[in-house]
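As structure tokens, the structure follows; a few thoughts come after it.
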Amino acid sequence: MNLAKSLSIFESAQQLIPGGVNSPVRAYRTVGGTPPHIARGSGSSVWDVDGNEYVDMVLAYGPLILGHGNERVRAALHAAVDGGTAFGAPTEHELELARTICGRVPGCEMVRLVNSGTEATMSALRLARAATGRELFIKFNGCYHGHGDSFLVKAGSGALTLGAPDSPGVPRGLAEQTLVAEYNDLDSVRTLFDAHPGQIACIFVEPVAGNMGTVPPASSFLDGLRGLCDAHGALLVFDEVMTGFRVARGGYQDLTDVRADLVTLGKVIGGGLPIGAYGGGRELMERVSPSGDVYQAGTLSGNPLAVAAGSATLAELDEGRAYETLEQTGAALESGLVALAEERGVPVQVQRVGSMLCLYFSAEPVTRLDDVTASDREHWTRFFRGMLANGVLLPPSPYEAWFLSTEHGVALDRVLHAAAQALD
Ligand code: HOZ
């Protein structure tokens, strides 16, 4: 595969941008080789600057649920650009997006728009601390909630990929306020509550862990967290930056009876533009400034372009059979991958929730970070390279979820053909 132009850009970029990239895993440090520098995308495909085409399973790490260049999203963006790109003043379109979010996410009576998932989680944590008057909180080993200081403790995603789940630069005093439990292990959560009675503000959890691959919650896990929060006066925060509007119309809460006190969102609600949001019950959200005393602000929050792309994306998802299509494509990919691996006698786990999934080289189901790190990473790297050589772009890390869009049905044969080569 010719990547000459990508290589030349990458070499120059490394002189001006740390590692040559604006987010760490993009640098391909753990998989080796030159990251293809992308020139354009359409539907399920992207093309790099050397003209190579790939089926895109990265999809901007989740936002592009409609694929690249959806017509409705493009039209909404053109109209927004023509009307003005930022005002630092409220707009009617923000209200429309807030109405859509609150109309679909269970328990979300009010929502505040911010600029990224990281901002959403930082703000939700501040709110939870203020509302409970407590400072400690629980997160799970291998979960990732953006790069806010409090969350860079046993973090997943790029931090885990690059071997820095606990980052230097996070003040020790702050990191000590972050308690870490094991995903899918209620006893580890119970132990923390027992050790810190009356001091834990909230539990932050990805209802499907998507930053150590794809790890679904065990059947009683989320319910158990709800019970523990209620018993100890703590809040339950679902980080749905990844799962929100992806796994179902109202996010993961549509797939469970468990209700969170606060939900953080991002990715899909911006349709590929920078956005984040946090929402919850009215009483809690009214603590946010200026209705309340919990300060949080942003020059570009509720940005007209992001709001337009997000509203168009959510409107498009509501038409036709978007979630059924995503489920069918996901199920076909899952069964295809499993069959290919079985034919070759390669032990794999394909773990999937709707249109997010991950393939682990492991004989056993993956339920927590230890299982993830015990899977065969060298085999995964060979597989990644084989997929790339055969025209399929996966996230360059065994700890990131793969994503599908409503446009990926037509690309399934290409993905499975590549997988057959990559597994040989
Ligand atoms: N939340 C994204 C997926 N884990 C992050 C992507 C990135 O680190 O660039």
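The values are calculated or read from the model by the stated rules, or taken from the named source; none is laboratory data. What you see is a predicted model, and the numbers here were worked out from it, not measured in a lab. Counting neighbours? That spans all protein chains shown, and the Cβs are built from the backbone with ideal geometry, glycine included.
Table for the structure above
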quantity	calculated
Matching option when the condition is of a type in the set (A, V, I, L, M, F, W, C), closer than 18 Å to Leu127 by Cβ, buried (at least 24 other Cβ atoms within 10 Å of the Cβ) and within 16 Å of the ligand (Cβ to nearest atom), among Ala260, Ala277	Ala277
Residues within the stretch 191-224 that are in contact (Cβ under 8 Å) with a residue 60 or more places away in the chain and within 14 Å of Leu357 (Cα to Cα), tallied	9
Near pairs, Cβ below 7 angstrom, 6+ apart or cross-chain, from the stretch 261-275 (within 12 Å of Ala309 (Cα to Cα)) to any residue that is within 12 Å of the ligand (Cβ to nearest atom) and assigned to a strand (DSSP E or B)	Ile275/Gly266
Sole exception among (1) out of contact with any Ser or Thr (no Cβ under 7 Å at 6 or more places or on another chain); (2) within 16 Å of the ligand (Cβ to nearest atom) for Glu71, by number	(2)
Total residues in the stretch 123-150, condition away from the ligand (no atom under 11 Å from the Cβ), closer than 18 Å to Ala277 by Cβ and surrounded by 23 or more Cβ atoms within 10 Å (Cβ to Cβ)	5
Pairs, first farther than 10 Å from Thr121 by Cβ in the stretch 134-147, second charged (D, E, K, R) and within 11 Å of the ligand (Cβ to nearest atom), C-beta under 9 Å, six or more apart	Phe140/Glu206; Cys143/Glu206; Cys143/Asp239
Qualifying residue in the stretch 156-176 (condition: closer than 29 Å to Asp257 by Cβ, surrounded by fewer than 15 Cβ atoms within 10 Å (Cβ to Cβ) and among the acidic types (Asp, Glu))	no
Test result for Ser44, more than 23 Å from the chain's Cα centre (by Cα), more than 15 Å from the ligand (Cβ to nearest atom) and not acidic (Asp, Glu)	no
Whichever residue in the stretch 11-35 is part of a loop (DSSP other than H, G, I, E, B) and more than 22 Å from the chain's Cα centre (by Cα) and, among such residues, is surrounded by the fewest Cβ atoms within 10 Å (Cβ to Cβ)	Gly32
Count of residues meeting criterion [within 14 Å of the ligand (Cβ to nearest atom), of a type in the set (Ser, Thr, Tyr) and farther than 17 Å from Ala164 by Cα] in the stretch 8-41	0
Which numbered condition Asp194 fails, given (1) out of contact with any helix residue (DSSP H, G or I) (no Cβ under 8 Å at 6 or more places or on another chain); (2) surrounded by 19 or more Cβ atoms within 10 Å (Cβ to Cβ)	(2)
Residue in the stretch 383-399 that is in contact with a Ser or Thr (Cβ under 8 Å, 6 or more places away or on another chain), polar (S, T, N, Q) and away from the ligand (no atom under 16 Å from the Cβ) present	no
Single residue of the stretch 102-116 satisfying the filter (of a type in the set (A, V, I, L, M, F, W, C) and not in a helix (DSSP H, G or I)) that is farthest from the ligand (Cβ to nearest atom)	Met110
Output for the stretch 36-58, where each listed residue is among the small types (Gly, Ala, Ser), without any contact (Cβ under 8 Å) to a residue 60 or more places away in the chain and crowded, with 18+ Cβ neighbours inside 10 Å	Gly41
Complete set of residues in the stretch 149-164 that are farther than 11 Å from Glu400 by Cα and at pLDDT 85 or above	Asp149, Ser150, Phe151, Leu152, Val153, Lys154, Ala155
Boolean, Gly270 is in contact with a Ser or Thr (Cβ under 7 Å, 6 or more places away or on another chain), more than 23 Å from Ile200 (Cβ to Cβ), within 16 Å of the ligand (Cβ to nearest atom) and among the small types (Gly, Ala, Ser)	no
Ala89, sole failed condition from (1) within 19 Å of Ser291 (Cα to Cα); (2) without any contact (Cβ under 8 Å) to a residue 60 or more places away in the chain; (3) assigned to a helix (DSSP H, G or I); (4) not basic (Lys, Arg)	(3)
Considering residues of the stretch 271-302 that are of a type in the set (S, T, N, Q) and in contact with a Leu (Cβ under 9 Å, 6 or more places away or on another chain) only, the residue farthest from Tyr61 (Cα to Cα)	Gln296
Matching residues, the stretch 276-297, being of a type in the set (A, V, I, L, M, F, W, C) and under 19 Å from Leu95 (Cβ atoms)	Ala277, Met285, Val288, Ala297
